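Engineer: I have a structure here, written as structure tokens, and I will follow up with some questions on it.
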Amino acid sequence: MTVIVPTLRHERRLWNEGLTRVVGVDEVGVAPTCGAVVAAAVIMKPGCHRIPGVRDSKTLSMGQRERLAPIIRSRAVAVGVGAASVREIDQLNIYHATHLAMRRAIARVGGHDHVIVDGNRIVGFEARVGPYTNVVDGDAKVYSIACASVVAKVVRDRMMMRLAARYPGYGWEHNQGYATRDHRDAIRRLGLTPFHRRSFLALQRTLAGDQLELDLLADPGAWPDAHELLEREATPVMADDAMLDATDLAMLDGSAFALGADADGLEVIVG
């Protein structure tokens, strides 16, 4: 398999335009059936050199990610981490919850000039974060996004390991909440925890004994008025569940995670 090494081409173009605080953003935890979705935002110094070994976190081993994450943090101008809780995922759907986590991560970097985000264009995103560029497969192609993917993956994996200690038997310490066979068997044997995403069709089918291949993004629990809920000002969204997730995030690598409120007035998990 050919491994793509991310470049600074997109960042350099923006730096040459005088935009010094360019944010790379990526998320992890979209497909798993449990746990928060976590996003990271990373600003690198204009003219920086790439850290050897940094690439899409999915192509790295856990040991490689654990080694690279503190180096990324030390070299970055700013790093922000945000999350959307399980209950927010079930209420908003995974698509909207993922973008909420991204916005929370971006809000933690202390101001920015431009955002580069992995994936397709996001409806209404520019109104929330300002000018941005989307790059399909950006975690493989864009250096700052690759850095963000490593940071986010390390944070979420550690969170799932701590949840595994609280809820043993599901294998979260090695399957990170994906619908693997051992995870599905454990759900049938032990039932669901407060950290399972009940809106996911995969869980409904698992409990019913159906092991068909499933599209986890085809979330039947999505509310038709999710856009309206996201646009509401000064409305706390499921603070009790966010508090549970914040407790786990606060126990991670000293990143000073705390529960606060973002610019929209929503309860957030920040770091």
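Engineer: So what are the ³J(HN,Hα) numbers for the range 162-179, from phi and the Karplus equation (6.51, -1.76, 1.60; θ = phi - 60°), rounded to whole Hz, Gly and Pro as x?
Structural biologist: Each residue's phi maps through the Karplus curve to give 5, 5, 5, 5, 6, 10, x, x, 8, x, 5, 5, 10, 9, 6, x, 5, 7 Hz.
Engineer: What value does the range 102-162 have for Rg/Rh, both radii from Cα atoms and Rh as Kirkwood defines it?
Structural biologist: 0.99
Engineer: Okay, moving on. Amide H neighbours of D26 under 5 Å, at least 5 residues apart or on other chains, H built in the peptide plane: list them.
Structural biologist: A40
Engineer: Additional query: With θ set to phi - 60°, apply the Karplus curve 6.51 cos²θ - 1.76 cosθ + 1.60 along the range 45-57 and write out the HN-Hα couplings as whole Hz, x wherever there is a Gly or Pro.
Structural biologist: Once rounded to whole Hz, the list reads 5, x, x, 5, 9, 5, 7, x, x, 6, 7, 3, 4.
Engineer: Using only Cα positions of the range 27-99, each an equal point scatterer, no hydration layer, compute I(q)/I(0) via Debye at q = 0.11, 0.19, 0.21 Å⁻¹ and quote the log10 values to two decimals.
Structural biologist: One equal scatterer on each Cα of the range 27-99 leads to -0.35, -0.87, -0.97.
Engineer: With only Lys, Arg, Asp and Glu charged, each at its Cβ (+1 for the first two, -1 for the last two), find how big the charge dipole of the range 1-114 is about the Cα centre; round to the nearest 20 debye.
Structural biologist: 400
Engineer: Taking H placed 1.01 Å from N in the peptide plane, check which residues at least 5 places from V37 or on another chain put their amide H under 5 Å from its amide H.
Structural biologist: Result for V37 returns A84.
Engineer: Enumerate the amide H contacts of T133 below 5 Å, restricted to partners 5 or more residues apart or on another chain; note that Pro and chain-start residues carry no placed amide H.
Structural biologist: Hits under the 5 Å cutoff: V115, I116, V117.
Engineer: Going toward the positive end of the dipole of the range 1-130, with +1 on Lys and Arg Cβ and -1 on Asp and Glu Cβ, which of A83, V23, C48 do you reach last?
Structural biologist: C48
Engineer: Ok, one more. For K58 and V136, FRET efficiency with R0 = 22 Å and r from the beta-carbon atoms, rounded to 0.05?
Structural biologist: For V136 and K58, the calculated efficiency is 0.90.
Engineer: When N is the residue count of the range 1-134, what does its C-alpha Rg come to as a fraction of 2.2 N^0.38 Å?
Structural biologist: It is 1.06.
Engineer: Right, here's the next one. Once the Cβ-Cβ distance between R13 and L192 is put in as r, and R0 is 45 Å, what FRET efficiency do you end up with, to the nearest 0.05?
Structural biologist: Taking R0 as 45 Å, the efficiency between R13 and L192 is 0.45.
Engineer: From the phi of every residue in the range 150-157, what ³J(HN,Hα) in whole Hz does the Karplus formula 6.51 cos²θ - 1.76 cosθ + 1.60 yield, where θ is phi - 60° and glycine or proline is x?
Structural biologist: Result, ordered by residue: 5, 4, 5, 5, 5, 4, 5, 4 Hz.
Engineer: Also, quick follow-up: Please compute the volume of the convex hull spanned by the alpha-carbon atoms of the range 61-124 and report it per residue in Å³.
Structural biologist: Convex hull volume per residue, Cα atoms: 125 Å³.
Engineer: Divide, for the range 142-208, the radius of gyration over alpha carbons by 2.2 N^0.38 Å, where N is the residue count.
Structural biologist: Compared with the compact-globule rule of thumb, the range 142-208 sits at 1.26.
No lab work stands behind these numbers, since they all come straight from the coordinates. This structure is a prediction, so every number in the text was calculated from the model and none was measured. Positions of Cβ are generated from backbone atoms using ideal geometry, with glycine treated the same way; all protein chains shown enter the neighbour counts.
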